[in-house]
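Undergrad: Sharing a structure here in structure tokens format.
The values are calculated or read from the model by the stated rules, or taken from the named source; none is laboratory data. Just so we're clear, the structure is a prediction, and the values are computed from it rather than from any experiment. With ideal geometry, Cβ positions are generated from the backbone for all residues, glycine too; neighbour counts draw on all protein chains shown.
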Amino acid sequence: MSQVSTIGPGTTVRGSIRGEGDLEIHGRVEGSVVVTGEVLITESALLKSDVRARRITIRGAVAGDVSADESIVLEAGARVLGDLGAPQIGIRPGGLVRGNVSTGGPLAETKSAPAAAASASRARPAATPAARPAPARAATPAPAARPVAARPAALPAPAARPAPVARTAPAAREPAPSATRGDTTPSAAVVAARAPVEEPELDESEEIDDAEPIDGGPPPPVVPALRKGAKASLRRKGAR
Amino acid sequence: MARGSAVERSRTSETSESSSVLGRGARVRGRVSGDGDLRVEGQIEGDVTLSGELSIDQTGSIRGDVDAASVTITGVLQGDVASRGAVTIRASAKVKGNMGGAEVSLEEGASFAGRIEAEFDLPAELMPRQGR
Amino acid sequence: MAGTIIGQGITIEGELTSDEEVVVAGTIRGKLSADGPVTIEAGAVVEADVSAASLAVGGTVTGNVSAAERVDLLGGARLIGDVKAARLTIADGASFKGNVDMDV
């Protein structure tokens with residue numbers, strides 16, 4: 001395989017980074033990162049970017065969504081403002097995240113839409129793709145891909161979640177190279193489009209439920225049990 | 001485990017005086033609240049509010065919202081967590097719910113779906129009004 | 001080891017700025033500016049204006065390049081664009097189409 005690619009601590013990339021191989025990021029990236037191998041985001045890294053890869057390890061700061069085909073690990077020092085999606089997710093003590101976290105697999109492709117974004121940027125620098133990604137998102141049979149209930153609830157309070165703003169910013173602000181614009185804008189559009197999409201109340205589905213032992217069964221043998229056994233705190237409740 | 005002693009005060013000397021256990025065969029439907037710690041080996045369907053630590057064992061499950069000083073999940077939780085301290089989700093856990101806690105740690109292999117709300121500030125460079 | 005390495009399989013579309021050494025073995029489209037030395041290896045494709053402290057090209061560059069110190073076009077290099085540098089070497093086997101400005 002080719003050498004490990006490295007974005008050094010003194011280096012800033014505005015635009016998209018994609019391709020095959022592994023990538024170490026010590027510096028700054030504003031745009032998007034999509035690679036086939038492993039990505040290591042170190043303590044000194046600052047990303048305003050979505051990140052997709054096979055495996056991702058984070059010790060630095062990321063404003064953007066993080067999606068892996070295999071695993072994501074947030075180690076001490078990691079600060080992620082955005083969603084995490086991968087079959088395996090580890091958050092070590094000292095790793096912080098504010099966003100939706102799902103071990104259901106990688107995040108839906110439409111979210112960062114790297115391919116569409118790249119081609120769009122080449123076709124027309126002044127991209128106005130607002131309408132395009134939105135229907136795709138709406139048409140997605142969403143819950144299967146992103147079985148996370150919290151998103152709709154969290155959205156009405158955008159102030160509490162500055163991520164979309166952060167993501168939109170580069171596109172809005174910079175007359176930057178076309179790639180930057182093309183790559184960031186669609187994700188903003190998707191974020192905007194997400195709001196009206198009512199995701200259904202989480203149904204009783206998936207792996208959690210097959211381990212869910214509670215059936216509609218008989219009401220509890222609980223009260224007697226509590227009274228008899230509980231001596232300390234629980235007794236008060238039993239006695240009520 | 002005997003039904004009658006399903007919820008009992010732990011008598012082992014090293015645990016705190018107000019530590020309780022909901023035994024493996026036990027099932028609670030309704031709200032559980034109290035001081036001290038609780039270890040859940042059985043099933044609870046209802047909200048749990050504790051002043052102490054909550055641990056959900058591998059055989060344990062809670063369907064309901066949980067509020068405790070710290071929470072350790074090895075079994076199943078379907079509900080939101082509010083914790084003043086650490087929330088620890090072990091590899092065997094299956095969790096669906098939103099975590100509001102000072103520190104949430106998640107072991108690889110755990111099944112998790114929900115929102116984690118850690119309090120932190122991103123570096124100024126990543127905030128919307130970035131220089132350069 | 002260089003501060004920044006863009007490996008063979010990697011493509012950057014956009015702008016790369018750096019205050020350290022940059023080695024490109026992959027593809028860059030957009031703009032590349034570094035305060036350190038820049039090496040564009042054989043096989044690399046750079047469709048960008050490049051500015052650097054010094055620049056060594058073994059791959060293909062389409063764009064204007066400038067270097068504070070020197071530009072070296074190595075054997076096998078291919079540059080289409082103007083060069084602005086105090087010193088320029090063009091090795092045997094390099095191809096170059098563009099203007100040279102050595103007035104510093």
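Undergrad: In region B:50-57, is there at least one residue being closer than 30 Å to A:E30 by Cβ, charged (D, E, K, R) and either facing another protein chain (nearest Cβ under 9 Å) or surrounded by fewer than 24 Cβ atoms within 10 Å (Cβ to Cβ) (or both)? Show your work before the answer.
TA: Step one: list which residues in region B:50-57 are closer than 30 Å to A:E30 by Cβ, which gives none.
No, region B:50-57 has no match at all.
Undergrad: May I pose another question? Quick check, is C:E47 more than 10 Å from chain A (Cβ to nearest Cβ) and either in contact with a Lys or Arg (Cβ under 9 Å, 6 or more places away or on another chain) or buried (at least 24 other Cβ atoms within 10 Å of the Cβ) (or both)?
TA: Yes, satisfied.
Undergrad: Turning to a different aspect of this structure: Taking the conditions exactly as written (assigned to a strand (DSSP E or B), at the interface with chain A (Cβ under 9 Å from one of its Cβ atoms), under 12 Å from the mean Cα position of the chain (by Cα) and of a type in the set (S, T, Y)), does B:S105 satisfy them or not?
TA: yes
Undergrad: Would you check which residues across region A:35-64 are under 17 Å from A:S16 (Cβ atoms), more than 14 Å from the chain's Cα centre (by Cα) and outside any loop (DSSP other than H, G, I, E, B) and list them?
TA: The answer is A:V35, A:V39, A:I41, A:L46.
Undergrad: Let me ask something additional. Hey, can you tell me all the residues within region A:10-22 that are at the interface with another protein chain (Cβ under 7 Å from one of its Cβ atoms) and farther than 15 Å from C:S33 by Cβ?
TA: Those that are at the interface with another protein chain (Cβ under 7 Å from one of its Cβ atoms) and farther than 15 Å from C:S33 by Cβ: A:S16, A:I17, A:R18, A:G19, A:E20, A:G21.
Undergrad: Would you call B:A86 without any contact (Cβ under 8 Å) to a residue 60 or more places away in the chain, within 22 Å of A:Q88 (Cα to Cα) and in contact with a Pro (Cβ under 9 Å, 6 or more places away or on another chain)?
TA: On the way: without any contact (Cβ under 8 Å) to a residue 60 or more places away in the chain: yes; within 22 Å of A:Q88 (Cα to Cα): yes; in contact with a Pro (Cβ under 9 Å, 6 or more places away or on another chain): yes.
When the stated conditions are applied, B:A86 passes them.
Undergrad: Please enumerate the residues belonging to region A:27-63 that are facing chain C (nearest Cβ under 8 Å) and surrounded by fewer than 21 Cβ atoms within 10 Å (Cβ to Cβ).
TA: A:T36
Undergrad: Can you tell me which residue among C:A86, C:A53 is surrounded by fewer than 18 Cβ atoms within 10 Å (Cβ to Cβ) and within 14 Å of chain A (Cβ to nearest Cβ)?
TA: On inspection, the qualifying residue turns out to be C:A53.
Undergrad: For region B:35-49, name all the residues that are at positive phi and within 9 Å of chain A (Cβ to nearest Cβ).
TA: Residue satisfying the conditions is B:G36 alone.
Undergrad: May I pose another question? Against the condition more than 9 Å from chain A (Cβ to nearest Cβ), under 30 Å from A:E70 (Cβ atoms) and among the small types (G, A, S), how does B:G100 come out, does it pass?
TA: In short, yes.
Undergrad: Checking the condition over 27 Å from A:L74 (Cβ atoms), among the β-branched types (V, I, T) and over 14 Å from the mean Cα position of the chain (by Cα), which residue from B:V28, B:V32 passes?
TA: Of B:V28, B:V32, the one residue that is over 27 Å from A:L74 (Cβ atoms), among the β-branched types (V, I, T) and over 14 Å from the mean Cα position of the chain (by Cα) is B:V28.
Undergrad: Which of the residues spanning region A:75-89 are under 17 Å from A:T42 (Cβ atoms) and in contact with a strand residue (DSSP E or B) (Cβ under 8 Å, 6 or more places away or on another chain)? Full working, then the answer.
TA: Of region A:75-89, the ones under 17 Å from A:T42 (Cβ atoms) are A:75-80.
Residues satisfying the conditions are A:E75, A:A78, A:R79, A:V80.
Condition check ((1) more than 8 Å from chain A (Cβ to nearest Cβ); (2) touching a strand residue (DSSP E or B) at 6+ places or on another chain (Cβ under 8 Å); (3) under 21 Å from A:A86 (Cα atoms); (4) among the aliphatic types (A, V, I, L, M)) across all residues:
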position: B:I62; (1), (2), (3), (4): yes, yes, no, yes
position: B:Q78; (1), (2), (3), (4): no, yes, yes, no
position: B:S83; (1), (2), (3), (4): yes, yes, no, no
position: B:E125; (1), (2), (3), (4): no, yes, no, no
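Undergrad: For the condition modelled with pLDDT of 95 or more and part of a loop (DSSP other than H, G, I, E, B), what is the one hit in B:T72, B:T59, B:T12?
TA: Unique residue meeting the criteria: B:T59.
Undergrad: Take the residues in region C:50-76 that are out of contact with any Lys or Arg (no Cβ under 9 Å at 6 or more places or on another chain) and either touching a residue at least 24 places away in the same chain (Cβ under 8 Å) or not small (G, A, S) (or both); name whichever of them is nearest to A:V13 (Cα to Cα).
TA: Per the criteria, the residue is C:A52.
Undergrad: Considering (1) polar (S, T, N, Q); (2) buried (at least 21 other Cβ atoms within 10 Å of the Cβ); (3) at pLDDT 95 or above, say which one A:S121 fails and leave the rest.
TA: (3)
Undergrad: Please go through region C:65-82 and give me each residue that is buried (at least 18 other Cβ atoms within 10 Å of the Cβ), assigned to a strand (DSSP E or B) and in contact with a Gly (Cβ under 7 Å, 6 or more places away or on another chain), ordered by number.
TA: C:V65, C:L79 - these are the residues of region C:65-82 that are buried (at least 18 other Cβ atoms within 10 Å of the Cβ), assigned to a strand (DSSP E or B) and in contact with a Gly (Cβ under 7 Å, 6 or more places away or on another chain).
Undergrad: Mind telling me which of the residues C:T62, C:T39 ends up being closer than 23 Å to A:S5 by Cα and surrounded by fewer than 19 Cβ atoms within 10 Å (Cβ to Cβ)? Please lay out each step first, then the result.
TA: Details: C:T39 fails: surrounded by fewer than 19 Cβ atoms within 10 Å (Cβ to Cβ).
After applying the criteria, what remains is C:T62.
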